[in-house]
Amino acid sequence: MTSAPGLSFANLTLMLDLPQLPAIFLVNIKNNVKILTNEIKQNITPSEDIFYPHNRINLQNKKINKMGRVRKYSNNESWLFGNPF
């Protein structure tokens, strides 16, 4: 069985948390809509670059790798390591 102080703590927690639930839900919905619109924008605009939407710091393209250095391998199909992506 639970004690009276335990029940009062549970009631206090519910009283303090319930009014915050709508704000928490709205923030989550806003973030999900923002992510969805960003993904739709990225799918609409064609790009030839390698694109990782969640990696905003180390951007890559066909000439620069994820470390910011020039790629060692070209896009040459005849060589074994010619197509890195």
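Worth pointing out:
- Counting the residues of region 29-81 that are surrounded by 11 or more Cβ atoms within 10 Å (Cβ to Cβ), among the hydroxyl-bearing types (Ser, Thr, Tyr) and modelled with pLDDT of 65 or more gives 1.
- Filter result for the condition that a residue is at pLDDT 85 or above, surrounded by 10 or more Cβ atoms within 10 Å (Cβ to Cβ) and not in a loop (DSSP other than H, G, I, E, B), over Leu26, Leu12: Leu26
The values are calculated or read from the model by the stated rules, or taken from the named source; none is laboratory data. It should be emphasised that the depicted structure is a prediction, and the values quoted were computed from it without experimental measurement. Positions of Cβ are generated from backbone atoms using ideal geometry, with glycine treated the same way; all protein chains shown enter the neighbour counts.
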